[in-house]
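The values are calculated or read from the model by the stated rules, or taken from the named source; none is laboratory data. Here the structure is a predicted model, which means the values were calculated and not measured. These accessible areas exclude ligands, DNA and RNA; they are computed on the full protein's heavy atoms, side chains included. Shrake-Rupley method; radii C 1.70, N 1.55, O 1.52, S 1.80 Å.
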Amino acid sequence: MRTFSTFVLAILRAGALVSVVLLLSGLGLAQKVVTARATIPFKFWAQDHEFQAGDYVFDNEVPGAATIRREGTNSSIGVSIILYAVPGEKENPRVIFVRRDGAYCLVELWGVQDRHVVTAEFEHRGEASEQQRQVPLTIVESRDE
């Protein structure tokens, strides 16, 4: 009798564990995909790649990454990003650059409801300086996936 109740209890625990894992993995898969445009009036660097001044499209269709593509081209560069803040109020979307060694580097992407930092810049997230430039983003599309 004791063996049977131990067996049933083990099955119930395993079932509960599987349910929790499925619930948490389902939450991790849901994301808001945003496509935005910006006119960047200066050369900049992101992920060891130099971009010329111009019109760019940013999106986050791949989880944990932002894709940067110059309008009118098909080639793009992926940049690893990490969500680091969810402000209490909606913000104006923007991209943030910091001047280092005479060049502007992409450091953050702010959406309407979240802030992402380029992974390599994580230790500097949220910092403001005189060497910083912010460029507004115009949201083109936003959808849940």
*Gyration tensor verdict on the stretch 93-145 (Cα atoms; rounded if a/c is under 1.5, prolate if a/b is larger than b/c, oblate otherwise)*: prolate
*Tell me, what HN-Hα J-couplings in whole Hz come from the Karplus equation 6.51 cos²θ - 1.76 cosθ + 1.60 at θ = phi - 60° for each residue of the stretch 80-92, using x for Gly and Pro?*
5, 10, 10, 5, 10, 7, 10, x, x, 10, 5, 10, 6
*Whole number in Å², please: accessible area per residue of the stretch 35-122, 1.4 Å probe, ligands, DNA and RNA not counted.*
52 Å²
*asked:* In whole Hz and in residue order, list the ³J(HN,Hα) couplings for the stretch 35-47 that follow from phi through the Karplus curve 6.51 cos²θ - 1.76 cosθ + 1.60, θ = phi - 60°; x for Gly and Pro.
replied: 10, 9, 10, 8, 9, 9, x, 8, 5, 8, 10, 8, 6
*Provide the per-residue ³J(HN,Hα) series for the stretch 103-117, in order, calculated from phi with Karplus coefficients 6.51, -1.76, 1.60 and θ = phi - 60°, each as a whole number of Hz, with x at glycine and proline positions.*
10, 8, 10, 5, 10, 9, 10, 10, x, 5, 10, 7, 10, 10, 10
*In µm²/s, what is D for the stretch 53-142 at 10 °C and 1.306 mPa s, where D = kT/(6 pi eta Rh) by Stokes-Einstein and Rh is the Kirkwood radius from Cα pairs?*
116 µm²/s
*Interchain or long-range residues, amide H under 5 Å from Y104's placed H*: W45
